[in-house]
1. Can you find, within region 174-195, the residue that is farthest from the chain's Cα centre (by Cα) among those that are more than 15 Å from S159 (Cα to Cα) and not charged (D, E, K, R)?
2. Those residues that are free of Cβ contacts under 8 Å to residues at least 60 places away in the same chain and of a type in the set (D, E), I need them from region 90-109; list them, please.
3. Tell me, which residue of region 213-222 that is farther than 21 Å from E150 by Cβ and not in a loop (DSSP other than H, G, I, E, B) is farthest from the chain's Cα centre (by Cα)?
4. Return the residue satisfying two criteria in turn: it lies in region 80-96 and is not polar (S, T, N, Q) and not in a helix (DSSP H, G or I), and of such residues it is surrounded by the most Cβ atoms within 10 Å (Cβ to Cβ).
5. Within region 1-22, track down each residue that is within 16 Å of K112 (Cα to Cα) and either outside the structural domain of V45 (by TED's automatic domain parsing) or not small (G, A, S) (or both).
6. Got a sec? Which of L84, L77 is touching a helix residue (DSSP H, G or I) at 6+ places or on another chain (Cβ under 7 Å) and aliphatic (A, V, I, L, M)?
7. Would you point out which residue out of V225, V196 is over 24 Å from K40 (Cβ atoms) and without any contact (Cβ under 8 Å) to a residue 24 or more places away in the chain?
8. Residues that are touching a Leu at 6+ places or on another chain (Cβ under 7 Å), surrounded by fewer than 13 Cβ atoms within 10 Å (Cβ to Cβ) and at pLDDT 95 or above: which helices (runs of 4 or more DSSP H) entirely in region 142-211 hold 2 or more of them?
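The values are calculated or read from the model by the stated rules, or taken from the named source; none is laboratory data. Note that the structure is predicted; figures quoted are calculated from it, not measured. Note that each Cβ is placed from the backbone with ideal geometry, even for glycine, and that neighbours are counted across all protein chains shown.
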Amino acid sequence: MKKILLIEDDESFGYILSEYLSLHDLHIVWAKSGEEGLKKVSNEVFDLGIFDIMLPDKNGYEIAALIKQKHPELPFLFLSAKSLKIDKLKGFKVGADDYVTKPVDEELLLAKIRAIIKRSAGQKMPTTDEFIIGDYRFIFSLQQLEYAGEITRLTQRESALLQLLCQCQNQLLPRKKALRDIWGSTDEFSRKSMDVFISHLRKYLSKDARIEIRNVHGKGFIFSVKT
């Protein structure tokens, strides 16, 4: 079930739209202000955002820009009574995938949502299955780490975290990205859990002194292999 963040301050419209989309196998998380929406997207993982523009605090353009800065992979569309060409152009300028004016044709909106989610999923890069890490060989699909013929079996979450580190080798892996992609949350429990898994990986990889998973305080991790 795809998870959608709806930011809409109109109680009646928000309720009706949430109920309609829920009936079509979509999980709707409804935020009634921009600030509430920002909190939701910081702690949960979504497949799509639907943002009203005229909100009681920050307007939808500002909210979208803030979300896009931190979560550039999240597709979103605007729902608004503002129907002028300049409003639509402004929406697309901040990165919207679509702009739907009110009153809303629910069937058309549903078709647009499904098309955006499908297109977004199709744009995701294929994952590499096998990695050479110093003297180690890591096979993601088998969840195994091999060193000098000795095999260590990894858990699914350990494998997913090591794969992310390998894909970002010599670059910063943002803590929030790892939490969102693997734990689906950035709450305190998930943060502590990830720190434990990082410790596990350091231990598994400790036989090759060239390998390092360095903690960048407040930001994330840098995975490297010295030459």
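1. Pass one, region 174-195, residues more than 15 Å from S159 (Cα to Cα): 174-177, 180, 184-192.
Filter once more, so that each one left must be not charged (D, E, K, R): 174, 184-186, 189-190.
Numbers: P174: 12, G184: 8, S185: 10, T186: 11, F189: 18, S190: 15 Å.
Here the answer is F189.
2. D97, D98, D105, E107, listed by residue number.
3. Start the filter on region 213-222 by keeping residues that are farther than 21 Å from E150 by Cβ, which leaves 214-222.
Cutting the leftovers down to not in a loop (DSSP other than H, G, I, E, B) gives us 214-216, 220-222.
Details: R214: 23, N215: 21, V216: 21, G220: 15, F221: 17, I222: 19 Å.
Among residues in region 213-222 that are farther than 21 Å from E150 by Cβ and not in a loop (DSSP other than H, G, I, E, B), the one farthest from the chain's Cα centre (by Cα) is R214.
4. If we filter region 80-96 for residues that are not polar (S, T, N, Q), which is where we start, we get 81-82, 84-96.
Those left that are additionally not in a helix (DSSP H, G or I): 81-82, 84, 94-96.
Values: A81: 13, K82: 18, L84: 9, V94: 18, G95: 15, A96: 22.
Result: A96.
5. Of region 1-22, the ones within 16 Å of K112 (Cα to Cα) are 2-6, 17-18, 20-22.
Passing the criteria: K2, K3, I4, L5, L6, L17, Y20, L21.
6. Numbers: L84 fails: touching a helix residue (DSSP H, G or I) at 6+ places or on another chain (Cβ under 7 Å).
Exactly one of L84, L77 is touching a helix residue (DSSP H, G or I) at 6+ places or on another chain (Cβ under 7 Å) and aliphatic (A, V, I, L, M), namely L77.
7. On the way: V225 fails: without any contact (Cβ under 8 Å) to a residue 24 or more places away in the chain.
When all the criteria are applied, what remains is V196.
8. Values: elements: 156-167, 175-178, 188-204.
Correct list: empty, since no element meets the threshold.
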